[in-house]
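Student: The structure's right below; bear with me while I get my questions together.
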Amino acid sequence: MGLRQKHADHIGKQVVEPLDEAARIYAAYFDGAIVGTIRGNRFSDLPTAYYRRLYRIDDRFPFDPHEMSLTTKLMFDPALRCSSYPIRLIVHYARDFNAGRPCKIDFVDCRRWLLPFFLKLGYVDYLGWVFHNEYGSVRPLFCPADQVLRLQRLRSPLAAVARDLCDNNMFGGEDLIRRLSLVSQADRGG
């Protein structure tokens, strides 16, 4: 990807980061080869401190750290990026990661070209561009688990997962979107 990752092992052709130890890491396979990955952590995991600062996780988000998740390392073989594989992995991850102890909100960051993809999934733009030490300019986004009606309106593949896990706005997620969304603030003149 042309990035300078400080945990990259160029000889072994792998990246092993501190977040990996506490994470749940998922993989997609095609013909026996790994073609995609996604990693999930909770903000109660110690290695997430950098992301708590970067994403400005503060009193705006009225949840305990173990109720908030961080999704990273969503990567796919370029030949399969426009296939159903990434969506299938994301939906499996959302359902499985939240099966035993659901999170109330998930955070992710993305680069410019992925912003429409994540917005269509139901993530919300709340902060603007920030500088990530390894990835450069990224956009932090959040996705409340209980935004059932909004996900249905967006026809997000995550709507079925939300419907199975939550009642609409049971944690105040839709209220949070109205309050923090940069789009909502622009509509209000803020």
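Student: How would you order 77-87, 120-130 from highest to lowest mean count of nearby Cβ atoms within 10 Å?
Tutor: Peptide ranking by packing, descending: 120-130, 77-87.
Student: Determine the relative contact order of segment 13-75: mean sequence separation of Cα pairs under 8 Å and six or more apart, normalised by residue count, in whole percent.
Tutor: Once normalised by length, the contact order is 35 percent.
Student: Also, quick follow-up: Set the Förster radius R0 to 30 Å, insert the Cβ-Cβ distance between Asp96 and His132 as r into 1/(1 + (r/R0)^6), and round the FRET efficiency to 0.05.
Tutor: Numbers: r = 26 Å, r/R0 = 0.88.
E between Asp96 and His132, to the nearest 0.05, is 0.70.
Student: So, one more: Compute the length gained on full extension between Ala33 and Ala79: take 0.36 nm times their separation in residues and subtract their Cα-Cα distance, giving the result in nm to one decimal.
Tutor: Full extension of this stretch gives 15.3 nm more.
Student: Just the number, please: carbon plus sulfur as a percent of the accessible area of the chain, 1.4 Å probe, no ligands or DNA/RNA counted. The partial results should precede the final answer.
Tutor: Details: 5690 of 10480 Å².
Percent of accessible area from carbon and sulfur atoms in the chain: 54.
Student: Run the numbers for Ile25 and Leu46: contour at 0.36 nm per residue of separation, minus the present Cα-Cα distance, in nm.
Tutor: 5.9 nm
Student: Normalising by the residue count of the chain, find the relative contact order in percent from Cα pairs under 8 Å and 6+ residues apart. Show your work: numbers first, answer last.
Tutor: Values: 274 pairs, mean separation 31.5, N = 190.
17 percent.
Student: Could you run the Karplus curve 6.51 cos²θ - 1.76 cosθ + 1.60 with θ = phi - 60° over segment 75-81 and give me ³J(HN,Hα) per residue in whole Hz, x for Gly and Pro?
Tutor: Once θ is set to phi - 60°, the couplings for segment 75-81 become 9, 9, 4, x, 5, 10, 4 Hz.
Student: Per residue, what accessible area does the chain have, given a 1.4 Å probe and all protein chains present, in Å²?
Tutor: Details: 10480 Å² over 190 residues.
Per-residue value: 55 Å².
Student: Right, another one. What is the P(r) of segment 119-182, as percent of Cα-Cα pairs per 10 Å bin from 0?
Tutor: 23, 46, 23, 8
The values are calculated or read from the model by the stated rules, or taken from the named source; none is laboratory data. Owing to the predicted nature of the structure, the values given are computational and were not obtained by experimental measurement. Cβ sites come from the backbone with ideal geometry, for glycine too, and all protein chains shown count toward neighbours. With ligands, DNA and RNA removed, areas are computed over all heavy atoms of the protein, side chains included. Shrake-Rupley method; radii C 1.70, N 1.55, O 1.52, S 1.80 Å.
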